[in-house]
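Report on the structure given below.
The values are calculated or read from the model by the stated rules, or taken from the named source; none is laboratory data. What you see is a predicted model, and the numbers here were worked out from it, not measured in a lab. Every residue, glycine among them, receives a Cβ derived from its backbone with ideal geometry; neighbour counts consider all protein chains shown. Accessible surface areas use protein heavy atoms only, side chains included; no ligands, DNA or RNA. Shrake-Rupley method; radii C 1.70, N 1.55, O 1.52, S 1.80 Å.
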Amino acid sequence: MSAGAVQIAPPAKRRRALPGTLVGAVIVLGASLAMAFFPSLFAPYDPTAFDYNAIMHGPSWAHPFGTDNFGRDMLSRVIHAYRIDMQIAVFATTGPFIFGTIVGALVGYVGGWVEAVFGRVVDAVITFPFLVLVIAIVSVLGPGLRNMYIAVGVVDWVFYARLVSAEVKIQRRLDYADAARGMGYGHMRIIFRHLLPNAITPAVVYLMTDMALAILLGSSLGYLGLGAQPPAAEWGVLIADGKNFMTTAWWVSVFPGIAIVITGLGFSLAGDALADLLRVNR
Amino acid sequence: MRDMPLISVEGVSKRFRLPRTASDILTGRPPAAVHALNNVDLEVHRGETLGIVGESGCGKSTLARCLVRLLEPDEGLVRFDGKDIGLLPQAERRAFNRRVQMIFQDPYSSLNPRMSVRQVLSEALSVHAMRPKADIPARITELLGLVRLPADAANRYPHEFSGGQRQRIGIARALAVEPEVLVADELVSALDVSVQAQVINLLLDLQERLKLTVVFVAHDLRLVRHISHRVAVMYLGKVVETGPTEALFATPRHPYSKALLDAAPELDPARQTRVAAARGELPNPLDLPTGCLFNTRCPFAFERCFAERPNLSNRGPAHFAACHLTDFGKPTPATIAAQ
Amino acid sequence: MTAPSPDRNTAGGGLKVRGLTTTFATPRGLATVVDGINLDVAPGEIVGLVGESGSGKSMTLRSIVRLVREPGKVSGQVEWQGRDLMAMREADLRKVRGAEIAMIFQEPMTALNPVLPVRLQIEENLSAHTTLDRRARRQRALELMNIVGIPAAERRLDEYPHQFSGGMRQRVMIAIALANSPKLLLADEPTTALDVTIQDQILKLILDLRDRFGMSVVFVTHDLGVVAATCDRMAVMYAGRIVETGTVAQVFAEPHHPYTRGLLGSVPRIGAERSMLLSIEGMPPGLIDLPDGCAFHPRCSFATDRCRAERPPLESFAAGREVACFHHQTVAAMAEAA
């Protein structure tokens, strides 16, 4: 018998085709971020400048998205709204994602009565319609973006915690987790170094969906007057502004709506792409 | 009479409670429980290979996990170096975790898929402070050489390896902390026959070189016979027979051991029989028989076997069996001559 | 290429496989999982098909009755009682499967329908292939349960698969397979998922049934002990090809292919405890990029330049013995010396 080293296969060529979803996500979200950071580069007009000669003009070469009842250029308003809406997407979800992930990892690892208590919290939260709950909280705290973030944060972390705890519970039973315990590694090391990297993918994918949902929620609250306050350009606010003229000036509401749809699509594509990229090789 | 065993298992029992069912709640019954281990006594001596063999559901994996304290016994205790491992203070517990290492059955789930081989090994080395930081890379190369993997394996991730190679990585991880005992749970049962032989050879070689004590848990009698100095046969959570490998395989003194040995197909086509070695199947583990656990399948069972559970008693040098028929399988002058 | 030995008359009764080839088109190229297999099974004979995972042994079995899923392509000749199964229309083949030729699989847990009582699953096979009425089917189902040794058969007929243990489920699978008194049983690792005492019972049952009903059996397994315990003849497969055939006694006593020798040496033997096993270095090749020449040469200690360049054909070297190795005489001499 040879005493030589065992042959291992040459490194697998990472020839994974670039997923189409990733390309789409990068294009859409890249453009969205660019407009959020540098709206003036893209907007042809000042979004707050009134032009009494061009009130409620339909789409034209001068105003591709038309103008509103003060003659403000809708394209510029939609572009400037990216800043607030992308901010909502990030700010409303990051906190809940981090907090929920940590709580979920601990709950899933500890199990037992902690998990039982957590299960009741989840039940309590998900039996309320999310939007109604958030509206209730904002009504108490008062309208505005900051209070909206607080309201979303109070509820939203539960979804991440639930995803992560379920996944950690599965990973905890695999032999590599026992191997780490058998090595005498500390609990925190096992949870955050070993289990979490293998358990976090669903939460990251959900984060993308959640960002799209956050934009929808922010727009809904803006529309209801509970989120971003006029005259700030925010898509929900813009849609609300146009609602009285829907029959005569559809473009005032429709173009912000399309922006919401496209951005939401971008986040969905990013979710699919991430699910693909983070898939673990077994 | 003998030196102190390195590990001793004393009266260990372990139950796994099943979730309470609706009918349990209605009838006020306690939820059913699987009795995975029933009052197990066992010793492991320094430097030996102890084979633990039995069919599925016999509790051998549960016992292995109790040995490394991945599971806590419900009753009884496990001593390591004379001390109850359930009562070790923090510092000694860490030392215990280092000195007794487990290797797992499933090459696909026993390695963290997101950690490279280097990360796996250097974590073990640094958490237990086995080497100064600067010496870790050299030690990793050395460990890989020990399990016959090339040094460049360190940069790879588990999915790039075959099942046999993953088991080598598992062994390297265990060896990183320079343990005294390896508990191998079905180390090769997921591997192809030719690869099994490679890993078994490696284990034999390492044991020799590093003077390891090995607890080899397996269902494959041929493998257990091949590598063990001493064997314990388990049935339904109980050790029914234990003895030196040669004696136990030549003259099994428990009817279950005999059936198990006879049932394992011999490699010799000329030595085949046409009669099944054991009748019947395992009883429901939720509802164990009273008396001897084997009485539902034992062709020799008599009244006492249904009333009283036999304990291990001496049958020869270091040879014990738990059977009321103390003469069962006793070598006669004819069988001794035949050997 | 294959010279069936004169004592095995396969003209009328048995199974005669010639040049059976199964390929799969994969994104990385064409994989030949079964590569020109020749196999004869005489009436009442049990032939073991032995190999490691990926050797193509299970796929050979499925290809014989054309049970290969898309995109697999099967070609070659399978002559069963004078008819070519490969040329048969699908509808006619269905009449053969489950009737004259039955199959049992490794996983009795997934091969049974969990929502139907076992009686219905046995009777289903009867109503598909016979004209028996309800009463007669019920009678036959009970008879079959008794044949395969299920205790309290009458009561258990109306139970569901989950109420049976693994061994009992495999017995039910065998009862279903036997429903129409098959002449050929294709068994794909039927005892691999079972405990050794239960495996022993099932193997003895299969031997019994062969004796009582004169069935032929093709027995796919990776366990050489199981081959020794049940088979008359054996064929060893490596990388989609048969590399050695012969009676079980001949092959065990004098392996001529280095792979067979390595496999036998990998299994611990009595009297050599705690010694190094023979083992085979390396691992089986991927089926898409097989090595040139003999597929086994990278793992073979006998390999020469010829083995690396030229693929050895499977050739007869003694009555009923075939091997695909240029150096088989050397290999056999080594085995004898050991």
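Under a point-charge model restricted to the Cβ atoms of Lys and Arg (+1) and Asp and Glu (-1), what is the dipole moment magnitude of the range C:246-338 relative to its Cα centre, in debye to the nearest 20?
In total the dipole reaches around 180 debye.
Isolated cysteines in chain B, defined as those with no second cysteine Cβ under 4.7 Å, comprise B:Cys58, B:Cys66, B:Cys298, B:Cys323.
Our estimate of slack between C:Asn146 and C:Lys73, defined as 0.36 nm per intervening residue step minus the Cα-Cα distance, is 22.3 nm. For the pair B and A, the buried accessible area comes to roughly 3000 Å² in total, with a 1.4 Å probe and the value rounded to the nearest 100. Each residue of the protein assembly as shown gets 246 Å³ once the volume of the Cα convex hull is shared out per residue. Surface exposure of the range B:172-322, expressed per residue as accessible area with a 1.4 Å probe, stands at 36 Å².
A straight chain from B:Leu18 to B:Arg274 at 0.36 nm per residue would run longer than the Cα-Cα distance by 88.2 nm. Computed on the Cα trace of the range B:260-339, the radius of gyration divided by the Kirkwood hydrodynamic radius gives Rg/Rh = 1.02. Here the Gaussian network model covers chain A, with springs between Cα atoms less than 10 Å apart; of A:Ile126, A:Ile102, A:Ile260, A:Ile126 fluctuates the most. Counting only heavy atoms of the protein chains and using a 1.4 Å probe, A:Asp123 has close to 70 Å² of accessible surface.
Nearest 100 Å² is fine: how much accessible area is buried between B and C, summed over both sides, with a 1.4 Å probe?
3700 Å²
Extending 7 Å from the Cα toward the beta-carbon at both A:Val110 and B:Glu178 defines two label points whose distance is 3.8 nm.
With the cut-off at under 11 Å, measuring from each backbone N in the range B:159-195 to a point 7 Å along the Cα-to-Cβ line of C:Thr192 picks out B:191-193. Modelled this way, with points 7 Å down the Cα-to-C-beta line, the labels at C:Asp208 and A:Thr48 are 9.3 nm from one another. Given R₀ = 22 Å, FRET efficiency for C:Asp289-B:Asp152 by Cβ-Cβ distance, to 0.05? Efficiency for this residue pair is about 0.55. Using the Cβ-Cβ distance between B:Ala138 and C:Arg135 with R0 set to 56 Å, the FRET efficiency works out to roughly 0.10. Label zone of A:Asn69 (point 7 Å out along Cα→Cβ, amide N under 14 Å): in the range A:222-241 this covers A:238-241. For the residues C:Thr23, C:Thr230, C:Thr197, a GNM of chain C with alpha-carbon springs under 10 Å puts the largest fluctuation on C:Thr197. Mean separation of Cα pairs under 8 Å and 6 or more residues apart, divided by the residue count, gives chain B a relative contact order of 19 percent.
All Cα-Cα separations within the range C:270-338 were binned at 5 Å from zero, giving a P(r) of 3, 14, 18, 23, 19, 13, 7, 3, 0, each value a whole percent of the pairs.
Just the number, please: carbon plus sulfur as a percent of the accessible area of the range B:88-220, 1.4 Å probe, no ligands or DNA/RNA counted. Ligands and nucleic acids excluded, carbon and sulfur give 49 percent. Probing with 1.4 Å while keeping every protein chain in the model, the per residue accessible area of the range C:118-180 equals 47 Å².
Evaluate E = 1/(1 + (r/R0)^6) for B:His159 and A:Val132, where r is the Cβ-Cβ distance and R0 equals 51 Å; express this FRET efficiency to the nearest 0.05. FRET efficiency, B:His159 to A:Val132: 0.65.
Between C:Arg28, C:Arg233, C:Arg69, where does the largest GNM mean-square fluctuation fall for chain C, given springs only between Cα atoms within less than 10 Å? Top of the fluctuation ranking is C:Arg28. In the range C:127-243, one over the average inverse separation of all distinct C-alpha pairs is 15.5 Å, which is the Kirkwood hydrodynamic radius.
For the segment C:157-170, counting C-beta atoms of other chains within 10 Å of every residue's C-beta and taking the mean gives 1. Simple rule: put +1 on each Lys or Arg Cβ and -1 on each Asp or Glu Cβ in the range B:96-251, find the dipole, and look at B:Gln167, B:Val120, B:Phe249; the Cα lying farthest toward the positive end is B:Val120.
Within 10 Å of the Cβ of each residue in B:184-193, the mean number of Cβ atoms contributed by other protein chains is 3.
The mean sequence separation of alpha-carbon pairs under 8 Å and at least six residues apart, normalised by the residue count of chain C, gives a relative contact order of 21 percent.
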